[in-house]
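Engineer: Pasting a structure here, questions to come.
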Amino acid sequence: MTVLFRILNRIRMRLTASGTQCRASIDAKTSSSPLSSLSLLPWMHKVFLISELLESILQHVADTPKDHVNTAYSTGLSFPAYNAVTALTQTARIFRQPTLKVLWHTQFSLVPLFKALGMVRLKSTKRARNGKEFNIYEITRQFTLRDLDVFYKYSSMIVKLCMYHNDPKDPLEVPPPRIVGGFSVDPNLPRDCLFPKLREFMDQNQCKNLARFVMLTSCKIDTLGSLHPVGIMDLAIQGAPKLTSLTLDFDLTDHWCGPNLSILLRRAPLLTEFKLTGDFDIDDCIWQPLSQLPLLNSLEFKVCHVEECTTDISKGTFQSLVTLEICIFNIDISAKLFSASTFPHLQTLKYIDFSCDQPTHEASVEFFSAFAQAVTCPLLHTIKVVTPIKEDVVNAVRNPWNITSEALRPLLKFRQLRQLKITPRWCWDLDDDLICDMARAWPHLTILRLDALNWWPSPSRITARGLDALSQSCHSLRVLDIVFDGTRLDVPVLARRNRVLDTINVGCSILDSPKDVVACLTRVFPNVRTVYSFDGIDEDGVRLFDSDMLEGWRNVQRLLDLYSQFR
């Protein structure tokens, strides 16, 4: 502000010195706001002819927090940002074109564009998962040559077109309108590039031929996603050399086009992110082209209902892969994939046990051993083995066998591990020796979750000794889910303790004396304030947890509340 004030003061002095009569001259001694005088300078609006300045202003006005998923009138702006941009449009003519670019940059539907052409009509109204209503439109006529000028005026500003939003955890607050039915184009229409700036295209393929029309009239798409992608595979292959991100979601009714997918992957050397969902056999047709992508750093691979791998898989090395999410119906198939793969740079693994059935102890040992052998990267920091069941659903299932510490020991080789989340609802029988070894091997551990929302043998073979080892070695541990024996509480009094952890999920842990448990927990974790237990119910509706034990943990929480008042 001071620099601007000096510049304006110099302008005033030069104008005065040349004898120019200007009522807008600025007096540095009396003016309290240099900006208030700025608007009086007749030529000052020319500053806004600088495109970089306009872009900076609009970027600030249209900036939307990432956690605010809210679209206004099918744009990518929140309602406050949309109102601010439209208000800026009405401020001066010079803002008109830049603000139009902001409004059309991201679109969640082509309905506004087709409305401008008079090509759609309202068919019905439906309600989304979050309870919000949205409109469904249908095409009423053919796209012709006379529509080109108006269409191109707005389509040329679209950079991101997402007509397919597939994240149920993060739904759009206001669902955009959708188009159904068939879309046809005049065969005499020239194949011009109607979306010259389009870089990201996600389509749900609800309107027949619309996705093909967009792809045929685009030339710069590098991010592509499609639900039911069978109809656009040939166009995806043509544009494969430009692709950096690809999402393909094959439905059960889709005809599997594995050979075409293999060709697409082999022609996409720039691909860095790939997400594939469907029901198909896993073989070299898919796995080998994936392993040969030189820049692939993120892979999501979901095969929902295939129960066995019928063919052998050749060995491959994923040279650049950093993040891997894999969801397969059978853990044996996953072990087979890991055995045939090498990951020299993997840092994050998420495995989803889609079958929701507990594997045998031998199968689990083979799975974790194959994974540990496949990953040669010393920087692996996150391992998650989870279930698609919601975490707030508590349903413990007894099994005739338990998975012991032997299954998890291969993971001890990853010395930089920070997060270990093992919550597939399997039955475990872990011991103190494993927990102590984990504490020594993973001093940087921040999250340790060991299936506390499931049935464990009673009493658990994990005792206060294991908790003490975690407190001594893992000073950054902030999330702990663990089932332990609350009747064996002897631990030494040491100075170096974890002072970050304040909440423990104890699951179905047993205890004798709430007072002794509180005394032990506050010695091991001095800042602990909350404990959670659960009322386990098996698949037959039989309660697995003694009601007296539940009351005992409630008393532990009451004592912790009282203790926290005197800290």
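The values are calculated or read from the model by the stated rules, or taken from the named source; none is laboratory data. All values derive from a computational prediction rather than experimental measurement. Virtual Cβ from ideal backbone geometry, glycine too; neighbours counted across all protein chains shown. In case anyone asks, the SASA skips ligands and DNA or RNA and just uses the protein heavy atoms, side chains included. Shrake-Rupley method; radii C 1.70, N 1.55, O 1.52, S 1.80 Å.
Engineer: Give the residues of the stretch 229-246 that are farther than 13 Å from ARG199 by Cβ and of a type outside the set (S, T, N, Q), sorted by residue number.
Structural biologist: Those that are farther than 13 Å from ARG199 by Cβ and of a type outside the set (S, T, N, Q): PRO229, VAL230, GLY231, ILE232, MET233, ASP234, LEU235, ALA236, ILE237, ALA240, PRO241, LEU246.
Engineer: Given (1) open to solvent by less than 30 Å² (accessible area, probe 1.4 Å); (2) under 21 Å from THR530 (Cβ atoms); (3) of a type in the set (Val, Ile, Thr), where does ILE422 come up short, assuming only one miss?
Structural biologist: ILE422 satisfies every listed condition except (2).
Engineer: In the stretch 175-212, which residues are surrounded by fewer than 19 Cβ atoms within 10 Å (Cβ to Cβ) and not in a loop (DSSP other than H, G, I, E, B)?
Structural biologist: VAL180, GLY181, GLY182, VAL185, GLU200, LYS208, ARG212 - these are the residues of the stretch 175-212 that are surrounded by fewer than 19 Cβ atoms within 10 Å (Cβ to Cβ) and not in a loop (DSSP other than H, G, I, E, B).
Engineer: For a quick check of your reading: which helices (runs of 4 or more DSSP H) sit entirely within the stretch 276-387 and have at least 3 residues that are more than 19 Å from LYS421 (Cβ to Cβ) and charged (D, E, K, R)?
Structural biologist: Answer list for the stretch 276-387: none.
Engineer: While we're looking at this one, here's another question. Would you be able to say whether some residue in the stretch 297-308 is open to solvent by less than 40 Å² (accessible area, probe 1.4 Å) and modelled with pLDDT of 95 or more?
Structural biologist: Checked against the condition, which is being open to solvent by less than 40 Å² (accessible area, probe 1.4 Å) and modelled with pLDDT of 95 or more, the stretch 297-308 yields at least one hit.
Engineer: State which residue is surrounded by the fewest Cβ atoms within 10 Å (Cβ to Cβ) when the search covers only the stretch 451-473 and only residues that are hydrophobic (A, V, I, L, M, F, W, C) and in contact with a helix residue (DSSP H, G or I) (Cβ under 6 Å, 6 or more places away or on another chain).
Structural biologist: Only one residue tops the list, namely ALA469.
Engineer: While we're on this one: Let me spell it out: the conditions are (1) open to solvent by 10 Å² or more (accessible area, probe 1.4 Å); (2) assigned to a strand (DSSP E or B), and LEU448 meets all of them except one. Which number is the exception?
Structural biologist: LEU448 satisfies all of (1) open to solvent by 10 Å² or more (accessible area, probe 1.4 Å); (2) assigned to a strand (DSSP E or B) except (1).
Engineer: State which residue pairs qualify: first residue more than 29 Å from LEU293 (Cα to Cα) and inside the stretch 342-363, second residue open to solvent by 10 Å² or more (accessible area, probe 1.4 Å) and in a loop (DSSP other than H, G, I, E, B) in any location, beta carbons under 6 Å apart, and separation of 6 or more residues or different chains.
Structural biologist: SER355/PHE329; CYS356/THR387; GLN358/ASN399; HIS361/TRP401
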